[in-house]
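> Below is a structure I'd like to ask you about.
The values are calculated or read from the model by the stated rules, or taken from the named source; none is laboratory data. Computed from a predicted structure; not experimentally measured. Virtual Cβ from ideal backbone geometry, glycine too; neighbours counted across all protein chains shown.
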């Protein structure tokens, strides 16, 4: 199994490959997974790795994949939002929760530095993947109280 740092390196590489194209993405699509290559499962792998260090995270849970619903960039920040799909050991049932991934960008060096991962909305319970398929707008919200806020400078060595 890869470490969080190794997964982050793979994610940064994938984002660099697709970063410049992000401003030209068709904003009328529901999910940006295809346009971002392997980003969706690298995000889920990174989150899974980071959550394993949290004492209140049920270790029988595992993150399967993500659906990226929004890609935004400013001069110094890349923001990916969407839905994480997760399961539990010994069951085929899967659930969904929202996420937001923000990463600082140092354009001068074409490098990414410092990220924050937000996961799980305290005010809205997780829903099954089947419920999500029936109501894909369930997680659409402009306001969230995040259960998990994971900052890179607190979890990864420099």
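> When only residues in segment 41-54 that are touching a residue at least 40 places away in the same chain (Cβ under 8 Å) and part of a helix (DSSP H, G or I) count, which is nearest to residue 21 (Cα to Cα)?
Residues of segment 41-54 that are touching a residue at least 40 places away in the same chain (Cβ under 8 Å), as a first pass: 43-47, 49-51, 53-54.
Add one more test, that the residue is part of a helix (DSSP H, G or I), and what stays is 43-47, 49-51.
Numbers: 43: 19, 44: 22, 45: 23, 46: 23, 47: 24, 49: 28, 50: 28, 51: 30 Å.
Here the answer is 43.
> Does residue 96 satisfy being modelled with pLDDT of 90 or more and farther than 23 Å from residue 144 by Cα?
So residue 96 does not fit the description; no.
> Can you tell me how many residues within segment 80-96 are touching a residue at least 24 places away in the same chain (Cβ under 8 Å) and within 17 Å of the chain's Cα centre (by Cα)? Give the derivation first.
Taking segment 80-96 as the starting set, the residues that turn out to be touching a residue at least 24 places away in the same chain (Cβ under 8 Å) are 80, 82-90, 93-96.
Narrowing further to those that are within 17 Å of the chain's Cα centre (by Cα): 80, 82-87, 94-96.
Of the residues in that region, 10 qualify.
Yes/no per residue for (1) within 19 Å of residue 133 (Cβ to Cβ); (2) out of contact with any helix residue (DSSP H, G or I) (no Cβ under 8 Å at 6 or more places or on another chain):
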{"site": "47", "(1), (2)": "no, yes"}
{"site": "52", "(1), (2)": "no, yes"}
{"site": "55", "(1), (2)": "no, yes"}
{"site": "58", "(1), (2)": "no, yes"}
{"site": "68", "(1), (2)": "yes, no"}
{"site": "78", "(1), (2)": "no, no"}
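> Taking the conditions exactly as written (in a strand (DSSP E or B), at pLDDT 95 or above, touching a strand residue (DSSP E or B) at 6+ places or on another chain (Cβ under 6 Å) and closer than 18 Å to residue 21 by Cβ), does residue 112 satisfy them or not?
no
> Of all residues in segment 114-140, how many are under 16 Å from the mean Cα position of the chain (by Cα) and under 24 Å from residue 50 (Cβ atoms)?
Number of matching residues: 10.
> Looking only at segment 87-104, count how many residues are in contact with a helix residue (DSSP H, G or I) (Cβ under 8 Å, 6 or more places away or on another chain) and either more than 15 Å from residue 63 (Cβ to Cβ) or surrounded by 21 or more Cβ atoms within 10 Å (Cβ to Cβ) (or both).
Adding up the residues that qualify gives 4.
> Let me ask something else about it. Report every pair of residues separated by at least 6 positions or lying on different chains whose Cβ atoms are under 9 Å apart, first residue within segment 127-152 and on the phi < 0 side of the Ramachandran plot and surrounded by fewer than 17 Cβ atoms within 10 Å (Cβ to Cβ), second part of a strand (DSSP E or B) and modelled with pLDDT under 90.
The qualifying pairs are 151/114.
> For residue 91, are the conditions met, namely being assigned to a loop (DSSP other than H, G, I, E, B) and either at pLDDT 90 or above or in contact with a strand residue (DSSP E or B) (Cβ under 7 Å, 6 or more places away or on another chain) (or both)? Spell out how you get there, then give the answer.
Values: assigned to a loop (DSSP other than H, G, I, E, B): yes; either at pLDDT 90 or above or in contact with a strand residue (DSSP E or B) (Cβ under 7 Å, 6 or more places away or on another chain) (or both): yes.
So residue 91 passes the test.
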